[in-house]
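The values are calculated or read from the model by the stated rules, or taken from the named source; none is laboratory data. This is a predicted model, so every value here is computed, not measured. We place every Cβ from the backbone using ideal geometry, glycine too, and count neighbours over all the protein chains shown.
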Amino acid sequence: MKYAIVVISLVLSAWAQAGVQVLQAWIPELPPVAKQAAVFAELHSDEPVRISAMNSPVAEQVVWHDMMNHAGQLHMMARAPADWQLPAGKTVWASGQGHLMLVHLKQPLRVGDAVPITLTLANGQQLQINAQVRSSLRPAPEMSHHHHHE
Amino acid sequence: MSRVKRLRVAILAALLLSALLIAWSQWPSTAAKPLPVLPLGDVFELQRGEAQWSSQSATGQVMLVNFGYTHCPDICPMTLAKFRAVETALGEQAKSLVPVFISIDPVRDTPAHLQQYAAYFSPHIVALTGTESELAAVAKQFAAYYSVAGDEVSHSDYIYLLDQQGRARVLYDQQASVDAMVAGVQQLLQEAL
């Protein structure tokens, strides 16, 4: 019995560590000649998680950009990979707050496309995101879940 | 009429008058308030594709002007999508509107790339750029702020509504709806009649 409880709690704690959820990942509509694309999403992590790598087959590079909006002035800056850390709780990549940037797109992204992005966590786990390309003026569709580990 | 009665009538009349005044002040005005002329902007000339483009060529038309760049993640494509939505909503009246997108990133935004980028949203968008000093001068006219250092870019994100004489009349922030811009454009078109 004791053994079973230990096993269950180990399983539960492993599950908790893996508890990163991605909600509503999307890419604002952009022209075919665009060379980079922003990805917005909302992430929920049960505990701080470091991201060691980010990749997408549609871009040469995936980076994390922080945004600040002060009185109508937007400031955008790249975050150093060493600081790619998801804090416990919610991380919002939203317009005006931050985003992932797909740099040097290898192909045009069209409205309706689902763009795969892989986040490799420091513990080796991989988190798959499928970001929908959609019009930036339409309200977000019903919340879509992308919660998948490999 | 007794003194008390006269007083009652006077109080009643005063109450009635106040009620009428309150009702009048809160009555929705059918005519929109005139838009002020803002101390921003002036005639400007920048590069459009291979040629120079002067804002004077839009005299008689209303302009929506925004400063941005094509590597911009969200606000700039969103602004251009708004320009397209304003044109669509205006229908026939859209021929009296010139949407202008000024790139503040001349190193990465060549005139040809800029044209292609903007044309995706609407072939009517006038996509402009210039030398650093030309851009700095135009940004100064509009009190627009920007700085570009590789990936680190800062810029102000206002959309300016200019009237038929090129005078700035409304400054929209990014929260402003497409409907608000359509109403602004229509008010200026109406004003000119």
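Report yes if some residue within the stretch B:26-45 is in a strand (DSSP E or B) and modelled with pLDDT of 95 or more; otherwise report no.
Residues of the stretch B:26-45 in a strand (DSSP E or B): B:45.
Next, from what is left, pick out any that are modelled with pLDDT of 95 or more: B:45.
Yes, the stretch B:26-45 contains at least one residue that is in a strand (DSSP E or B) and modelled with pLDDT of 95 or more.
How many residues, within the stretch A:123-143, are out of contact with any Phe, Trp or Tyr (no Cβ under 9 Å at 6 or more places or on another chain), modelled with pLDDT under 55 and not acidic (Asp, Glu)?
1
Suppose we filter the stretch A:100-117 for residues that are surrounded by fewer than 16 Cβ atoms within 10 Å (Cβ to Cβ) and within 14 Å of the chain's Cα centre (by Cα); how many remain?
Of the residues in the stretch A:100-117, 2 are surrounded by fewer than 16 Cβ atoms within 10 Å (Cβ to Cβ) and within 14 Å of the chain's Cα centre (by Cα).
Scan the stretch A:35-77 residue by residue and report those that are at the interface with chain B (Cβ under 10 Å from one of its Cβ atoms) and in a loop (DSSP other than H, G, I, E, B).
Correct list: A:LYS35, A:ALA71, A:GLY72.
Test each condition in (1) at pLDDT 85 or above; (2) in a strand (DSSP E or B); (3) within 29 Å of B:GLY150 (Cβ to Cβ); (4) more than 14 Å from chain B (Cβ to nearest Cβ) for A:GLN107 and report the one that comes out false.
It is condition (2) that A:GLN107 fails.
Can you tell me how many residues within the stretch B:112-147 are touching an Asp or Glu at 6+ places or on another chain (Cβ under 7 Å) and surrounded by fewer than 20 Cβ atoms within 10 Å (Cβ to Cβ)?
Within the stretch B:112-147, the subset touching an Asp or Glu at 6+ places or on another chain (Cβ under 7 Å) is B:122, B:124, B:129, B:141.
Retained after the next criterion (residues that are surrounded by fewer than 20 Cβ atoms within 10 Å (Cβ to Cβ)): B:122, B:124, B:141.
Residues meeting the conditions: 3.
So for the stretch A:1-8 (the condition being part of a loop (DSSP other than H, G, I, E, B), at pLDDT below 90, surrounded by fewer than 16 Cβ atoms within 10 Å (Cβ to Cβ) and more than 10 Å from chain B (Cβ to nearest Cβ)), does at least one residue qualify? So that I can check it myself, show each step before the final result.
Applying the first criterion (part of a loop (DSSP other than H, G, I, E, B)) to the stretch A:1-8 yields A:1.
Next, from what is left, pick out any that are at pLDDT below 90: A:1.
Filter once more, keeping what is surrounded by fewer than 16 Cβ atoms within 10 Å (Cβ to Cβ): A:1.
With the extra rule that they be more than 10 Å from chain B (Cβ to nearest Cβ), the set shrinks to A:1.
Within the stretch A:1-8, one or more residues are part of a loop (DSSP other than H, G, I, E, B), at pLDDT below 90, surrounded by fewer than 16 Cβ atoms within 10 Å (Cβ to Cβ) and more than 10 Å from chain B (Cβ to nearest Cβ).
Run down A:GLN17, A:GLN97, A:GLN85 and say which single residue is surrounded by 13 or more Cβ atoms within 10 Å (Cβ to Cβ), modelled with pLDDT of 90 or more and not small (Gly, Ala, Ser). Can you show your working first?
On the way: A:GLN17 fails: modelled with pLDDT of 90 or more; A:GLN97 fails: modelled with pLDDT of 90 or more.
The match here is A:GLN85.
Okay, residues lined up against (1) in contact with a Lys or Arg (Cβ under 8 Å, 6 or more places away or on another chain); (2) not aromatic (Phe, Trp, Tyr):
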residue: B:ALA112; (1), (2): no, yes
residue: B:PHE121; (1), (2): yes, no
residue: B:VAL126; (1), (2): yes, yes
residue: B:ALA139; (1), (2): no, yes
residue: B:PHE142; (1), (2): no, no
residue: B:TYR145; (1), (2): no, no
residue: B:ALA149; (1), (2): no, yes
residue: B:ILE159; (1), (2): yes, yes
residue: B:LEU162; (1), (2): yes, yes
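Taking interchain pairs and intrachain pairs at least six residues apart, which have beta carbon atoms under 7 angstrom, with the first residue in the stretch A:19-34 and within 11 Å of chain B (Cβ to nearest Cβ) and the second among the basic types (Lys, Arg) and assigned to a strand (DSSP E or B)?
Filtered contacts from the stretch A:19-34: A:TRP26/A:ARG134; A:GLU29/A:ARG134.
Regarding the stretch B:155-165, can at least one residue be identified that is more than 20 Å from the chain's Cα centre (by Cα) and within 14 Å of another protein chain (Cβ to nearest Cβ)?
No.
Identify the residue in the stretch B:65-85 that is within 11 Å of chain A (Cβ to nearest Cβ), touching a helix residue (DSSP H, G or I) at 6+ places or on another chain (Cβ under 7 Å) and not in a helix (DSSP H, G or I) and, among all such residues, is surrounded by the fewest Cβ atoms within 10 Å (Cβ to Cβ).
Once the filter is applied, the top-ranked residue is B:TYR69.
Note down all Cβ pairs under 7 Å where the first residue falls in the stretch B:132-151 and is at pLDDT below 90, the second is among the charged types (D, E, K, R) and surrounded by 11 or more Cβ atoms within 10 Å (Cβ to Cβ), and they're at least six residues apart or on different chains.
Matching pairs, first to second residue: B:VAL148/B:ASP105.
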